[in-house]
Amino acid sequence: MSEDAHIGVGAPAAAYRGFLFSDMRGFTAFAERHGNAAAAAMVDRFLEIARAAIARHDGAELKTEGDNIHAVFPSASSAVLCGLDIVEGAAELNAREPDRPLGLGVGIHAGEAVETAQGYIGRAVNIAARLCAVARPGEVLVSSTVKGITQASIAVGFIPRGKRRLKGIADPILVYAVSRDPNAKAPFELPGWLVDVGSAAGAVLALAAVVAMVGPLLFGNPVVEKPASSATAAPPPPTTQPVAMGPLQIGTYTSTTFQPAMTFTVGDPGWTAHRDTPELLGFIRDDDPLGSLYFARVQEVAQSPCGPPEGGEGSTGLAAADVVAQLEALTAYVEVTDKEDVQVGGLPAKQMDVTIADGAQAACGGLAGADVPLFVAGEDVLGASAGERFRLVSVSVGDDAVTIMLSLDWTETHSVQELEQLFALGERLLATVEF
């Protein structure tokens, strides 16, 4: 049966458009802290900035709901420029009123959607909304589709953010952050032991080390005469390489930014690195079973399923025991089972399985169906879906506490066997960790 037979004769034709979503970060926590009047005034400031930008770029406002606005544009380029205007307008407002900063995230995608009396309907709209949901404050996130359409048309730069699994979207999406700088790119980060070199002699050694690592990739391996020897040389130790965003080949890696510093060995194909910040080191699996593995320095445990707190950026993080205790205290919608003592990196750790109640967001109004926020790690919020079960490990590393979260991809329905398979894959990687 053809697709038209399902839709029906005379169904509205799909139109190719650019779609933009923008909303406020930490709005629920702001309202709790400053009151409804201040929150309403903040929403008015946000909408004033967003509507002015939408008008400048020939967009049309489709829907406003609380601290969220949705707009459509005749082209992807106009949507991107509008998104930049929105976050820049918020930055200018924050410079004038630093006591109550306005944090806005923007998500943009382009594609076909059907226009109805209730607005546009289609996958392109859904992807734009999901990109907005994962954008950081002040960040404009776009898909690789938008990058491909606009990079030759407008003078902006695209900074890779890796593949992201977006809620309700079957396939991982290549994501980019947009910058006004056409030459913007992800920074190349040297390992810490190279960055800390301070003397001229040390700088020479550091440069030599970089050449030793990168040279063979650029120029090939030089031919070197091996000395004659009757004895068989011992095999060289495995080379440890810094984590780079993208698929991880079989080998040993070290985090470049995450603290405490750690090394680990990837022994199974299918892992992809997509986050390495001081507070969060994150991997996703592109092979079955689809899922994710996060190492986080948790600054705050969310106390409500209806929205994340503003976060604890700058904090050194909660102690491992505090993370577990505060999570266990959320008995209204969190169940902790199968607690046991394990080791990670030779250090004692607590492992447990965590299940989010099916009705966790029953009282959250329009948020029902979104992720249930659990942990704040820097600018990131880790969460889970209602009804989801995941594995959590908490370990103290000196003065730091690391919370490890291993979960299946919640965009699909999985069996118990697939969950156990993911747990086994995660345990194999965790067994190689050294802090």
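Every listed requirement among (1) within 28 Å of the chain's Cα centre (by Cα); (2) loosely packed, with under 15 Cβ neighbours inside 10 Å; (3) modelled with pLDDT of 50 or more is met by Thr145 save one, (2).
Each residue in segment 258-272 was checked for being under 17 Å from Arg297 (Cα atoms) and either in contact with a Leu (Cβ under 7 Å, 6 or more places away or on another chain) or of a type outside the set (Gly, Ala, Ser) (or both), and 5 pass. For segment 401-435, residues that are surrounded by fewer than 16 Cβ atoms within 10 Å (Cβ to Cβ) and in a strand (DSSP E or B) total 1. Looking at segment 371-386, can you tell me whether even one residue there is in contact with a strand residue (DSSP E or B) (Cβ under 7 Å, 6 or more places away or on another chain), surrounded by fewer than 15 Cβ atoms within 10 Å (Cβ to Cβ) and not aliphatic (A, V, I, L, M)? No; the residues of segment 371-386 include none that is in contact with a strand residue (DSSP E or B) (Cβ under 7 Å, 6 or more places away or on another chain), surrounded by fewer than 15 Cβ atoms within 10 Å (Cβ to Cβ) and not aliphatic (A, V, I, L, M).
Got a number for residues in segment 384-403 being farther than 29 Å from Asn126 by Cα and in contact with a Gly (Cβ under 8 Å, 6 or more places away or on another chain)? Final tally of qualifying residues: 4. Note on segment 79-108: among residues that are over 25 Å from the mean Cα position of the chain (by Cα) and part of a helix (DSSP H, G or I), the one that is surrounded by the fewest Cβ atoms within 10 Å (Cβ to Cβ) is Arg96. Of all residues in segment 160-184, those that are over 15 Å from Ser292 (Cβ atoms) and among the polar types (S, T, N, Q) have Cβ atoms under 7 Å from Cβ atoms of residues that are surrounded by fewer than 19 Cβ atoms within 10 Å (Cβ to Cβ) and modelled with pLDDT of 85 or more, 6 or more apart or on another chain, in Ser179/Gly157; Ser179/Ile159; Asn183/Gly157. Please count how many residues of segment 155-168 are assigned to a loop (DSSP other than H, G, I, E, B), at pLDDT 90 or above and under 21 Å from Gly111 (Cβ atoms). Of the residues in that region, 1 qualify. Going by the conditions given, is Ala325 at pLDDT 90 or above and assigned to a helix (DSSP H, G or I)? So Ala325 fits the description; yes. Restricting segment 109-154 to residues that are of a type in the set (Lys, Arg) and outside any loop (DSSP other than H, G, I, E, B) leaves a set whose member that is nearest to Ala177 (Cα to Cα) is Lys147.
Conditions (1) of a type in the set (Gly, Ala, Ser); (2) in contact with a Lys or Arg (Cβ under 7 Å, 6 or more places away or on another chain), marked per residue:
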position	(1), (2)
Asn36	no, no
Ala40	yes, no
Asp44	no, no
Asp58	no, no
His70	no, yes
Ser75	yes, no
Gly89	yes, no
Glu92	no, no
Asp99	no, no
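Based on this model, can you work out whether Leu131 counts as at pLDDT 90 or above and outside the structural domain of Asp380 (by TED's automatic domain parsing)? Considered against the rule, which asks whether it is at pLDDT 90 or above and outside the structural domain of Asp380 (by TED's automatic domain parsing), Leu131 comes out as yes. For beta carbons closer than 7 Å, sequence separation of 6+ or different chains, a first residue in segment 121-132 that is at positive phi and buried (at least 24 other Cβ atoms within 10 Å of the Cβ) and a second that is assigned to a helix (DSSP H, G or I) and hydrophobic (A, V, I, L, M, F, W, C), there are no qualifying pairs. Would it be correct to say that Gly138 is in contact with a strand residue (DSSP E or B) (Cβ under 6 Å, 6 or more places away or on another chain) and under 27 Å from Gly383 (Cβ atoms)? Taking the combined requirement at face value, the residue does not satisfy it.
The values are calculated or read from the model by the stated rules, or taken from the named source; none is laboratory data. Small disclaimer: the values here were computed from a predicted structure and weren't measured. No Cβ is skipped: glycine too gets one built from the backbone with ideal geometry, and neighbour counts run over all protein chains shown.
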